[in-house]
1. Hey, does segment 85-99 have a residue that's modelled with pLDDT of 80 or more and either under 30 Å from Ile123 (Cα atoms) or more than 28 Å from the chain's Cα centre (by Cα) (or both)?
2. Among the residues of segment 95-119, which ones are of a type in the set (S, T, N, Q) and either part of a helix (DSSP H, G or I) or open to solvent by 40 Å² or more (accessible area, probe 1.4 Å) (or both)?
3. Of all the residues that make up segment 120-143, how many are open to solvent by less than 20 Å² (accessible area, probe 1.4 Å) and either among the β-branched types (Val, Ile, Thr) or modelled with pLDDT of 95 or more (or both)?
4. Which of the residues spanning segment 10-50 are without any contact (Cβ under 8 Å) to a residue 24 or more places away in the chain and either out of contact with any strand residue (DSSP E or B) (no Cβ under 8 Å at 6 or more places or on another chain) or part of a loop (DSSP other than H, G, I, E, B) (or both)?
Amino acid sequence: MYKAYWFGVDLGDFLFPGYNITTVWSLVATCLGLAALAILYEAMKVSHIHLQQTVIRSIPRRTSASSENSSLLSRMTPKNFRPHPRCENFWGWMLQMLHWSLHITLSYILMMAVMTFNAYITIALAIGASFGYYIFGPSLIQLNMQRFHRKQTIIECDQNCEDIVSNQQRRESAVSIIAEQLVTEANIEVHVPRDT
């Protein structure tokens, strides 16, 4: 086993016993296959987010009722909070788990391919991953931004909660104003005439 990158064609058994790479054409075919797997890996990131959104949409939304004695945290509960969402959508959860298992298995296979330290294999994987990100990267960024914006709007807050949050923000701004004044006062030199 090599401990540094090398350019060679004869890899012998590659990842699995009986899969021998001894010719240039077998190395080229393997590099193309690994590049395709790297593209698939990037595509699976996008499909994972789609699966999560499907499961979240299937969970019915609830609004939380808050009383005077409940704390601020209990008032700011997500609209779609359920104690055990896996129990309610079993098949969706199983599909997500199967997808995640395949995604992790693929990532380990790609990692083991890089660990052969063959430069051709590494270059093929880097090109495949780059091409996969070129194809699926914009939709991945868009889906993540949608999830981010959805998380911003998912918190429900009643009037009392809004007052507490706005008072907290006012206190923080008042503290920063006082801190700025203290820094300014500390930087001013005071010249007092001495009595002789």
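The values are calculated or read from the model by the stated rules, or taken from the named source; none is laboratory data. All values reported here derive from a predicted model rather than from experimental measurement. Counting neighbours? That spans all protein chains shown, and the Cβs are built from the backbone with ideal geometry, glycine included. Calculation scope for accessible area: heavy atoms of the full protein, side chains included, ligands and nucleic acids excluded. Shrake-Rupley method; radii C 1.70, N 1.55, O 1.52, S 1.80 Å.
1. yes
2. Across segment 95-119, the qualifying residues are Gln96, Ser101, Thr105, Ser107.
3. Of the residues in segment 120-143, 5 are open to solvent by less than 20 Å² (accessible area, probe 1.4 Å) and either among the β-branched types (Val, Ile, Thr) or modelled with pLDDT of 95 or more (or both).
4. Matches in segment 10-50: Asp10, Phe16, Pro17, Gly18, Tyr19, Thr22, Thr23, Val24, Trp25, Val28, Ala29, Gly33.
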